[in-house]
Amino acid sequence: MSVCEEYLTAEGRKLAGGRVKAASIYSVKARLDTSENSVSGKEAVLFTNRTPDTLKKIVFRVYANSPGVRPKGVEATVTGARVGGSQARTTLDNSLLTVTLPKPLAPRSEAVVAFSFKEYVPETEGVTGDLKGLITGEAAGGYGIFGRDKDIFNLGYFMPLVTTCRGGAWEAREVPPFGDISDFDSAYFNVSLDVPGNFQVAATGLETGSGKSGGRRTFSFAAGPVRDFAAQASAAYRSSTRRVGPTEIVSYYLLDSSDGGKKALEYCANALGQFNEHFGPYPYKRLNVCEASLGGSAAGMEFAGQVLIARMLYGMAGGVSVPLPDSLKDRGGDQLNDLLKNLTGGIMGEALEFVVAHEVCHQWWGIVVGSDSIAHPWQDESLTNYSSVLYFRWQHGEDAAKKQLEMQITLPYSAGSLLGSGDGVVDAPVDSFKSERQFTAIVYSKGALFFQALEKQMGEEAFEKSLGAYYQKYAFLNPAPDDLMQAFKDNASDPAAVAALHQRWVREKHAGEDIASSLPGGSLLEDLLKGLAPDEMDLGPLEDMYRDFWNDLNPDGGQVPESPFPSTSPVIPI
C-alpha cells in the first residue's frame, strides 16, 4: 500500500489522511493478446468488510461483459475463484459477478478473493461511429472506452471491480445504455500489463517497473487511493510532457495527431492549474491525457489520473481533414470533407479545449470526490460542465466564458428541445431518460445552467468557496447530492434561497420559464448552419450522402432521421 501511496502528492496525502482506512487492495497481472483481441489475467483483492452487516457475498462489476460492450456472441469468463484457501462459487450475470463466500464475513473482517478472468475487446466504430453518434445523438458500444481500433486498445474498466454495498444491499443495476458507471469506493492498485514488445502503455498511477521477454514487454503500475484503473495500449503512441507543480502531465497521441496532442497537453496543463487554484489541489503526481478512438457521441471519458479524448477532436484541433468511412469516399467525399474541415476549424476546433477541461475537471468532481453516476449523474456531470465554463472565464476572460456557455451548454439544450427532448427532472437516474439526447439536454445543459443561476444568486466568491469546501470535506469519499447542496447553503447569505432554487431547477420542471425564453434558440442554429455551409456550397448532395450513410449503417432498414448535416446533436464529454 505504501508503494501505491507514492502516487499521492504531499497535499494529496493530507487530503487522504484517515479517509481510506481498510480500503480494498487489488493485485492484478494481465496480458493483452492482440491476435485474438483479448485481455486476460489473474486478480486478487484484499477486501475488508467496512459495512455494519455480516456479508455472505461480494459483488464485482465486469464492465467488459455488459450487454452494450461485449462483442456479439462472445462473453467474458471468470474461473478458479477462491476466498482464502477455499473454492468459491461465482455467478456472472452480464456485468455483475457474484462471489459467494465460503463462510460469512463479519464487520471489520477481511478476506482475499482471487480468480482468473478473460475478456474480449470489441472493435470501436471509430470515425464511422463518431459520425453516427453526431447524427443520432445516441451511444454505441459503451462509447468504446473498452474497445479497439487498428492503432489503440482502450482498456477502461478492464479488471473486475468491487461494487458498492449500501444498506446491506450490493449493486444490482446493469450498466446503462448511456452515461457512465462510476460508483466505486477508493482503493489501491498494483497492476502489471503484458503487451507486445513494441507497445507503449499509458495507465493510472506511477510506473514501478518494466521488462522485456520473448518479444513482449511488461509494464507495472501502482496507484492509490483511486476509484478505478484504466490503461491505453498502442504501438503508435507518441508523447509529450509538461509539469504543473508536483504533477507531471503526459499527452499520448498518434503521429498524425501531433498538433492536437500538443494542444491537448497545453489545455490539460492550463485546466489543471486553474482547478488547483480555484477548487483545491490535484492529489496525484501524474495525469495522462490520451487520444482514443471513442464511439457513439462520446467526446471524452475520465478515469483516475487518466482522461481519454476522442480521436476525431485531434484532427478538429487544426481544422484538418477527417478520414471518411469507405461508404462515403465515392459519394462526394471531398465536398463532405470540406464541410467537416469548416466545422472542425471553427466551432468544433474550440471543442477540444472545452472537452479537455471537462475531463480534467472530473478529476475533482467524480474521481476524487465520488458520486453515484447511475442514480445521480447530475452531481458530477452538471457541475463539471459548468466548471468547464468557469475554466474559460479564469483562463480566457468573461467573453470567452459566455461564448462557451452558449455553444456547449445552451445550444445543446436548444437543439434537444427542437428535436423533441422536452423538459425533465435533473436529479434523476440514467434509465429514467427516454433517450441520450434528452439525457444530454437535461443533465449536461439544464443542470449546468442551474449552477450558473446558483452562482448568480450567491455571488462568485461564495460559490467558489462552497466548491472548495465540498472538495476538502469529501475528497476520496462518496457524498450524496444533499451533501453538495449543503456546501452551498453553508456559505450562502440566504440558505433558504439556495434550497428553493435547487428545488425549482433540479427537482421540478420549469425549463420553459427558466431557460427557453432566454435562449437564442433556432436563430443561433440557423447562424451556425450558415457559417458551416456557405452560400456557394450546395447542401443537397450532402443530404443525399447523409441518407446513404445512414442506410449503410442500418442495413436492416428503419426510418432515416430528418436532421441533415451538419448535425445539431452535441458530442458528449462524459
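The values are calculated or read from the model by the stated rules, or taken from the named source; none is laboratory data. In this text the structure is predicted, and so the values were computed from the model without any measurement. Cβ placement follows ideal geometry from the backbone for every residue including glycine, while neighbour counts extend to all protein chains displayed. SASA here: full protein model, heavy atoms, side chains in, ligands and nucleic acids out. Shrake-Rupley method; radii C 1.70, N 1.55, O 1.52, S 1.80 Å.
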Quiz prompt | Residue count, the range 443-454 (criterion: closer than 20 Å to residue 355 by Cα, open to solvent by 20 Å² or more (accessible area, probe 1.4 Å) and of a type in the set (A, V, I, L, M)) | solution = 0
Self-check item: Pairs with Cβ under 6 Å, 6+ apart, first in the range 42-55 and closer than 14 Å to residue 20 by Cα, second charged (D, E, K, R)
Solution: 48/110
Practice problem: Give the residue that is nearest to the chain's Cα centre (by Cα), with candidates limited to residues of the range 45-83 that are small (Gly, Ala, Ser) and more than 24 Å from residue 303 (Cα to Cα). | Solution: 73
Quiz item: Condition test on residue 440, is it among the β-branched types (Val, Ile, Thr), open to solvent by less than 40 Å² (accessible area, probe 1.4 Å), within 23 Å of residue 176 (Cβ to Cβ) and within 22 Å of the chain's Cα centre (by Cα)?
Solution: yes
Quiz item: Does residue 464 meet the test of being acidic (Asp, Glu), open to solvent by 40 Å² or more (accessible area, probe 1.4 Å) and under 20 Å from residue 390 (Cα atoms)?
Solution: yes
Quiz item: Taking the condition assigned to a loop (DSSP other than H, G, I, E, B) and farther than 25 Å from residue 364 by Cα, does residue 296 pass?
Solution: yes
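Let's see how each residue does on (1) at negative phi; (2) of a type in the set (S, T, N, Q); (3) under 20 Å from the mean Cα position of the chain (by Cα); (4) part of a strand (DSSP E or B):
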position	(1), (2), (3), (4)
258	yes, yes, no, no
267	yes, no, yes, no
270	yes, yes, yes, no
282	yes, no, yes, no
Quiz item: Do we find that residue 246 is touching a residue at least 40 places away in the same chain (Cβ under 8 Å), under 26 Å from residue 370 (Cα atoms) and open to solvent by 50 Å² or more (accessible area, probe 1.4 Å) in this structure?
Solution: yes
Quiz item: Does the range 476-516 hold any residues that are more than 18 Å from residue 463 (Cα to Cα) and buried (at least 20 other Cβ atoms within 10 Å of the Cβ), and which are they?
Solution: 476, 511, 515
Quiz prompt | Residue tally, condition under 13 Å from residue 449 (Cβ atoms) and open to solvent by 40 Å² or more (accessible area, probe 1.4 Å), over the range 418-428 | solution = 1
Practice problem: From (1) open to solvent by 30 Å² or more (accessible area, probe 1.4 Å); (2) within 20 Å of the chain's Cα centre (by Cα); (3) more than 23 Å from residue 470 (Cα to Cα), pick out the condition that doesn't hold for residue 433. | Solution: (1)
Exercise. Give the residue that is farthest from residue 289 (Cα to Cα), with candidates limited to residues of the range 190-204 that are open to solvent by 40 Å² or more (accessible area, probe 1.4 Å) and touching a residue at least 40 places away in the same chain (Cβ under 8 Å).
Key: 190
Exercise. Could you please find all residues in the range 84-99 being in contact with a Pro (Cβ under 7 Å, 6 or more places away or on another chain) and crowded, with 21+ Cβ neighbours inside 10 Å?
Key: 97
Quiz item: Just for the range 15-34: of the residues that are under 17 Å from residue 3 (Cα atoms) and in a strand (DSSP E or B), which one is most open to solvent (accessible area, probe 1.4 Å)?
Solution: 29
Quiz item: For the range 97-128, which residues satisfy the criterion of being part of a loop (DSSP other than H, G, I, E, B) and either among the aliphatic types (A, V, I, L, M) or on the phi < 0 side of the Ramachandran plot (or both)?
Solution: 106, 107, 109, 121, 122, 124, 125
Practice problem: Give the residues of the range 36-70 that are open to solvent by 30 Å² or more (accessible area, probe 1.4 Å), assigned to a loop (DSSP other than H, G, I, E, B) and more than 15 Å from residue 162 (Cα to Cα), sorted by residue number. | Solution: 36, 37, 52, 53, 54, 67, 68, 70
Quiz item: Within the range 271-318, restricting attention to residues that are among the aliphatic types (A, V, I, L, M) and open to solvent by 10 Å² or more (accessible area, probe 1.4 Å), which residue is nearest to residue 436 (Cα to Cα)?
Solution: 312
Quiz item: In the range 395-417, how many residues are open to solvent by 20 Å² or more (accessible area, probe 1.4 Å) and modelled with pLDDT under 85?
Solution: 1
Quiz item: Taking the range 197-225 on its own, how many of its residues are farther than 21 Å from residue 43 by Cβ and more than 27 Å from the chain's Cα centre (by Cα)?
Solution: 6
Exercise. Tally the residues that are more than 23 Å from residue 226 (Cα to Cα) and among the hydrophobic types (A, V, I, L, M, F, W, C), restricting the search to the range 440-486.
Key: 13
Quiz prompt | Scope the range 205-243; condition surrounded by fewer than 19 Cβ atoms within 10 Å (Cβ to Cβ), outside any strand (DSSP E or B) and touching a residue at least 12 places away in the same chain (Cβ under 8 Å); matching residues | solution = 215, 235, 236
